[in-house]
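Here the structure is laid out as structure tokens; the discussion comes afterwards.
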Amino acid sequence: MSFTVWFTGLPCSGKTTLSRRLYNYLKEKNYQVHLLDGDAVRAQLPRPLSFSKEDRDRHGRRLGELARTFNQRGMISIVAAITPYRDTRAHNRRALPGYVEVYCRCPVEVAESRDSRGLYAKARRGKITNFTGISDPYEEPEAPEVVVYTDREEVEASLVRILIYLEKQGLIHLKPKSRPASEAQPGDFSPLG
């Protein structure tokens, strides 16, 4: 079964880390899966996009089209992209059957403290414009399928919560340690096993 897991959140909120962990886990379990990182895709485009609202929307929809292409090939798509605007995410929800939104909830102060490239600092000094969370808005999801609190939970705990959701929806099949998946708890699956 093909579906898309879409990770959204502020810059440095944990989207890339979690999406890679999910990708690696599913790959190890022999699922056909493709990872689309928003920054990597943006860097490969022949026509550079700005960070204006129009270009951010265009980029988010383009990622949605790529995810759908992989879905049509029977693959699971995992997308990690800020996608700051609700309208873009709503568009992709309508366009992608099996859309699962994961909101990496993280206060801007914590995300900024993780920023090894100094982008938040540059945005605060005005050297980067249209920076999500500083000079450009991030519209929090109103009804994501999964919320992970990346400022206070371990990566493994967030990953397990995502896996449990996917299992309960019948999108993947995991083996519980001791109880049926319908009664699963966060400690019941080992993402490493």
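Each value in this text was obtained by applying a stated rule to the coordinates, not by laboratory testing. All figures in this text were calculated on a predicted structure; none of them were measured in a lab.
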Taking 0.36 nm per residue of separation and subtracting the Cα-Cα distance, what length does fully extending E65 through D87 add?
6.4 nm
For a test of the definition: using alpha carbon positions, the gyration tensor, and the 1.5 limit on a/c, classify segment 66-138 as rounded, prolate or oblate.
prolate
Taking H as built 1.01 Å from N, whose amide H comes closer than 5 Å to the amide H of Y99, not counting residues under 5 places away?
T4
Between T132 and residues 5 or more places away or on another chain, which pairs have amide H atoms under 5 Å apart, with H built 1.01 Å from N, and which residues are they?
none
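Past 29 Å, Cα to Cα: identify those pairs from K53/K122; K29/K53; K15/K175, in the order given. List each step's numbers first, then the result.
Working: K53/K122 19 Å; K29/K53 38 Å; K15/K175 26 Å.
In this structure, K29/K53 exceed 29 Å between Cα atoms.
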